[in-house]
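Q: Take this structure, written in structure tokens, and hold onto it; I'll ask about it next.
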Amino acid sequence: MTAVRVTPRSSLPRVVLIGGLLWATAACAGAGTSTEAAEEKSSTQSGTAWEEPASYTYTLNSTEGERALIGTFRVTVRDGKVAKAVGLDEESRRVVRRSPGVVPTIGGLLKELAQARRDDADTAEAQYAADGHPLRITLDRDENAVDDEARYVISAYEPATSS
């Protein structure tokens, strides 16, 4: 007579395989083919290694919600403060005429993002460029509230060169 030894089978290998396949599928689904997608990295963390320089220029496109800061602006920052903001469309020209101090530095936008996270906003996300500066910031403090959203797209970022 042959003795048969019964060993319980573990489900761990199956769980690891399924988890790995799900992770790989999610990673592939998020990969884009555009140059812009290749340059940016997505992050919902509170910050990046990027440090805001004292002087730079950037273009800000601010949309969504009922707020004073709506439109497209070309912003010049000197010594950590907005030195010049130029409205590039009618809405932004109106903002610059009425409330020029409302146009933020990139650091100001990051502070708004950090505050939204501290306040446990429903959406407080950012995508960052390879060098760490933000490319997009999306905020929605309460998804059930109307017009409290903010979307910032940062482009044409150029740190000032030292002379």
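The values are calculated or read from the model by the stated rules, or taken from the named source; none is laboratory data. Quantities reported herein were computed from a predicted structural model and do not represent experimental measurements. Using ideal geometry, Cβ is built from the backbone for each residue, glycine included, and neighbour counts are taken over all protein chains shown. Each accessible area value is taken on the protein alone, full model and side chains, heavy atoms only, with ligands, DNA and RNA left out. Shrake-Rupley method; radii C 1.70, N 1.55, O 1.52, S 1.80 Å.
Q: Quickly run through segment 85-120 and pick out the residues that are open to solvent by less than 20 Å² (accessible area, probe 1.4 Å), among the small types (Gly, Ala, Ser) and under 15 Å from the mean Cα position of the chain (by Cα).
A: Matches in segment 85-120: Gly107, Ala116.
Q: Next question. Within segment 48-60, identify whether any single residue is assigned to a strand (DSSP E or B) and open to solvent by 40 Å² or more (accessible area, probe 1.4 Å), and answer yes or no.
A: No, segment 48-60 contains no residue that is assigned to a strand (DSSP E or B) and open to solvent by 40 Å² or more (accessible area, probe 1.4 Å).
Q: Which members of segment 77-101 meet the condition of being closer than 16 Å to Thr59 by Cβ and part of a helix (DSSP H, G or I)?
A: Glu91, Ser92, Arg93, Val95, Val96
Q: Is it fair to say Glu112 is part of a strand (DSSP E or B) and in contact (Cβ under 8 Å) with a residue 12 or more places away in the chain?
A: So Glu112 fails the test.
Q: Let me ask something else about it. What is the residue count in segment 121-141 for residues that are more than 13 Å from the chain's Cα centre (by Cα) and within 19 Å of Glu52 (Cα to Cα)? Lay out the reasoning, then the answer.
A: Step one: filter segment 121-141 for residues more than 13 Å from the chain's Cα centre (by Cα), giving 121-122, 131, 141.
With within 19 Å of Glu52 (Cα to Cα) added as a condition, the list becomes 131.
The number of residues fulfilling the criteria is 1.
Q: Being surrounded by 19 or more Cβ atoms within 10 Å (Cβ to Cβ) and assigned to a loop (DSSP other than H, G, I, E, B) is the filter here; which residues of segment 122-147 pass it?
A: His133
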